[in-house]
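Notes to accompany the following structure.
The values are calculated or read from the model by the stated rules, or taken from the named source; none is laboratory data. These numbers were taken from a predicted model, which means no experiment stands behind them. With ideal geometry, Cβ positions are generated from the backbone for all residues, glycine too; neighbour counts draw on all protein chains shown. Ligands, DNA and RNA are excluded from the accessible area calculation, which covers all protein heavy atoms including side chains. Shrake-Rupley method; radii C 1.70, N 1.55, O 1.52, S 1.80 Å.
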Amino acid sequence: MFGNPSLVSRIAVGKGIGFLVGLVGFVFVPYFLPDAGWQLRWGILLWYTTFGALIGMFGVMTTIPVVNLPLRAWFRGAVLGAWLNFVLVFFAYDFMAAMLVSVFGEGGALSSPFWFAAEGAIVGFIIDHFATRFGGEGKETAG
């Protein structure tokens, strides 16, 4: 499965790591936000599983088409992860703000929910690194 470049392998690795990150969130969110419901917990688990699959699929792109510049895996995964979590903050701003305020306090430097974009960059970097390592990258993964 991991010998030849394969888009399926990239997606499997991405989903696996995303599932593990989501599982950590599923288990630990109630410690940071005691009134978090099941819907939020399942949403985090499914979000990061989808997050990993999207980063795995995006590994086919190795150049920026408009300007024909190389697109490295560390940059590709980090930017896509940051963007996905940046968009997520707009949908779940209140929950994320409440969680960070409960951890870092009101008005703290790290109490803004937009720090989740930085977290997404880190997780995206890790997912794309392992997806590229085990599944390859470029157009040869799609064929």
Are there any helices in the chain, counted as whole DSSP H runs, that stretch 18 Å or more along their axis by Cα and score at least -0.5 on average by Kyte-Doolittle, and if so which? 7-32, 38-57, 73-91, 115-135
What number results when the radius of gyration of the range 5-66, computed over Cα atoms, is divided by 2.2 N^0.38 Å? 1.38
Shape verdict for the chain, please, from the Cα gyration tensor: rounded (a/c under 1.5), prolate (a/b greater than b/c) or oblate. prolate
Between ILE64 and GLU106, what FRET efficiency follows from the Cβ-Cβ distance if R0 is 41 Å, with the result rounded to 0.05? 0.50
How much of the accessible area of the range 1-81, in percent, comes from carbon and sulfur atoms when a 1.4 Å probe is used? 75
For the chain, what does the accessible surface come to per residue with a 1.4 Å probe? Please give it in Å². 58
Rounded, prolate or oblate for the range 45-98? Axes are the square roots of the Cα gyration tensor eigenvalues, ordered a ≥ b ≥ c, and the cut-off for rounded is a/c under 1.5. prolate
